[in-house]
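The values are calculated or read from the model by the stated rules, or taken from the named source; none is laboratory data. For clarity, every value in this text was computed on a predicted model and none was experimentally measured. Virtual Cβ from ideal backbone geometry, glycine too; neighbours counted across all protein chains shown. The accessibility values were calculated without ligands, DNA or RNA, using every heavy atom of the protein model including side chains. Shrake-Rupley method; radii C 1.70, N 1.55, O 1.52, S 1.80 Å.
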Amino acid sequence: MMAPKQVRSAAVVINAASRRGAAASQLAVDAMKKSGVPVRSVHPVTSGAGLFDALRQVISEGHDLVVVGGGDGTVTSAAGLLAGTDVILGVLPLGTANDLARTLEIPSGVPEACAVIADGKVVDIDLGRANGEPFLNVASVGLSVGVTEALSPRLKRHMGPLAYGIATIRAYTRHRPFRARLEFPDGDHEPMDLDHVLQVAVGNGKHYGGGNMVAPMAGIDDHTLDVYAILAAPLKEHVKIARLLKDGSFIDHDRVHHLATRKVRLVTEPPMSVNLDGEIAAVTPTEFSVQRNAVHVMVPQGSNSASFDGPMRG
């Protein structure tokens, strides 16, 4: 894998519809060029279709580095296309939550993030798959889908990260518990049947939901998925759990089941939508797996979030 200074050609794809995308586009390009990043093409996009078209184009052009600006959903889309290639992913965290950047210790400021792209180091990170669809942070079913549906662009634009708390309260008042079955194709755990479930989540990374932690020891290059299920309970118990989300210690609560695995199949009654890094992109039953060391990404020199191991199967 080449060092950042050996990059011969870079392309920039920025989601101008993300929270800070439109304002940051030219600033980011100018900062990278000034730092010596060989930017050869720039693609501001405003739609999902435009994003995929631009990403496919820059990949076909043979750039060594693809810099993607936007929220977690935008970066996940890019990671899904870059997975398994030698192309390096640069991240400009321009969304509301920016949980991948938080996991990788990439600063939120545009000039600082551009400096990482110019002078950082390359690591490889795992990519989660849900029925083949990519996710970097967390895939989830239940309350989180209601939160995503309540997170209007207007709310995110005006409230920033506080929008997640407002949307969670709105979703909680409407949520109905469901039944879930967890099956483990590799046989590393016995199947689990759960009643009155509030949420099931499958974490590939460390952070989600604007800074919540999947589990204290979760990592984006540990080649495992952290699975948790929160059961329905009186409101006061859910408040206790919510207070423990930031440091991941909620997994020790007696209304939470937690385990680690490489592959899990989730069946729900009734069938339910699946949230992949803030995008509703699958429906249960869903099989979740981890693609190890799938994406090469630029991180700060001092980051301990991941290392470079080279490609691995599975």
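If packing is taken as the average count of other Cβ atoms within 10 Å, what order do 84-95, 136-147 fall into, highest mean first?
Details: 84-95: 22.7, 136-147: 25.3.
For the peptides 84-95, 136-147, the packing ranking is 136-147, 84-95.
About the Cα centre of the stretch 221-273, how large is the charge dipole given +1 on each Lys and Arg Cβ and -1 on each Asp and Glu Cβ? Please answer in debye to the nearest 20. Don't skip to the answer; put the middle values down first.
Details: 8 positive and 8 negative charges, 29 e Å.
The calculated dipole for the stretch 221-273 is roughly 140 debye.
Per residue of the stretch 71-85, what does 6.51 cos²θ - 1.76 cosθ + 1.60 with θ = phi - 60° give for ³J(HN,Hα)? Whole Hz please, x for Gly and Pro, Karplus curve as stated.
Per-residue couplings from phi come out as x, 4, x, 5, 5, 4, 4, 5, 4, x, 7, 7, 4, x, 9 Hz.
I need the phi-derived Karplus couplings for the stretch 111-116: 6.51 cos²θ - 1.76 cosθ + 1.60, θ = phi - 60°, integer Hz, Gly and Pro marked x.
Once rounded to whole Hz, the list reads x, 5, 5, 5, 5, 5.
Could I have the simple spin-label model distance between Gln57 and Ser108, label points 7 Å from Cα toward Cβ, reported in nm to one decimal?
The answer from the label model is 3.1 nm.
With only Lys, Arg, Asp and Glu charged, each at its Cβ (+1 for the first two, -1 for the last two), find how big the charge dipole of the chain is about the Cα centre; round to the nearest 20 debye. Write out the running numbers ahead of the final one.
Working: 30 positive and 32 negative charges, 205 e Å.
Dipole of the chain, to the nearest 20 debye: 980 debye.
How much accessible area per residue does the stretch 40-105 have, counting only protein heavy atoms and a probe of 1.4 Å, in square angstrom?
On the way: 2170 Å² over 66 residues.
Ligands and nucleic acids excluded, the result is 33 Å² per residue.
Would you mind checking which residues have amide H under 5 Å from Asn98's amide H? H placed 1.01 Å from N; only 5 or more apart, or other chain.
Those lying under 5 Å, H to H, from Asn98 are Asp72.
Using 1/(1 + (r/R0)^6) with R0 = 35 angstrom and r between the beta carbons of Ala260 and Arg8, what's the FRET efficiency to the nearest 0.05?
Numbers: r = 39 Å, r/R0 = 1.13.
Taking R0 as 35 Å, the efficiency between Ala260 and Arg8 is 0.35.
How do the peptides 239-249, 202-212, 257-267, 6-16 rank, highest first, by the average count of neighbouring beta carbon atoms within 10 Å per residue?
Numbers: 239-249: 14.7, 202-212: 25.7, 257-267: 18.5, 6-16: 21.2.
Most protected by this proxy first, the peptides run 202-212, 6-16, 257-267, 239-249.
Pairing the Cα long axis of helix 48-60 with the longest principal axis of the chain, what angle in degrees results, from 0 to 90 and rounded to the nearest 10?
That works out to roughly 50 degrees.
Using θ = phi - 60° and the Karplus curve 6.51 cos²θ - 1.76 cosθ + 1.60, what whole-Hz ³J(HN,Hα) does each residue of the stretch 88-95 get, with Gly and Pro shown as x?
Result, rounded to whole Hz: 8, 9, x, 10, 10, x, 10, x.
Ignoring ligands, DNA and RNA, please state the percent of accessible area on the chain from carbon and sulfur, probe 1.4 Å. Display every interim value, and only then the final one.
Details: 7090 of 13500 Å².
Answer for the chain: carbon and sulfur cover 52 percent of the accessible area.
Could you list which residues have their amide H under 5 Å from that of Val91, counting only those 5 or more apart in sequence or on another chain, with H placed in the peptide plane?
Those qualifying (amide H under 5 Å, at least 5 residues apart or on another chain) are Val68, Met298.
Among 184-197, 217-230, how do they line up by average Cβ neighbours within 10 Å per residue, starting with the highest? All intermediate terms of the calculation are to be shown ahead of the outcome.
Details: 184-197: 12.7, 217-230: 20.9.
The peptides rank, most packed first, as 217-230, 184-197.
Considering only Gly80, Ile106, Ala118, whose Cα is most displaced toward the positive end of the charge dipole of the stretch 1-144, charges sitting on Cβ of Lys, Arg (+1) and Asp, Glu (-1)?
Among Gly80, Ile106, Ala118, the one farthest towards the positive end of the dipole of the stretch 1-144 is Ala118.
Considering all alpha-carbon pairs of the stretch 189-254, what whole percent are spaced by more than 19 angstrom?
Details: 705 of 2145 pairs.
Everything past 19 Å amounts to 33 percent.
Translational diffusion coefficient, Stokes-Einstein: compute it for the stretch 183-314 using the Kirkwood radius over C-alpha pairs as Rh, at 10 °C and 1.306 mPa s, and state it as an integer in µm² s⁻¹.
Details: Rh = 16.1 Å.
Rounded, D is 99 µm²/s.
For the chain, go through all pairs of different Cα atoms, get the mean of 1/r, take its inverse, and jot down that Kirkwood value in Å. Please list the in-between numbers first.
Details: mean 1/r = 0.0510 Å⁻¹.
About 19.6 Å for the chain.
Nothing charged except the Cβ atoms of Lys and Arg (+1) and of Asp and Glu (-1): what's the magnitude of the dipole of the stretch 167-314 about its Cα centre? Round to the nearest 20 debye.
Numbers: 16 positive and 18 negative charges, 109 e Å.
The calculation lands at about 520 debye.
Pick out, from Val29, Gln6, Ala218, the residue whose Cα sits farthest towards the positive end of the charge dipole of the chain, with +1 on the Cβ of Lys and Arg and -1 on the Cβ of Asp and Glu.
Going by the charge dipole, the pick is Val29.
Give me the percent of Cα-Cα pairs in the stretch 1-110 that sit more than 18 Å apart, rounded to a whole number.
Result: 44 percent of Cα pairs exceed 18 Å.
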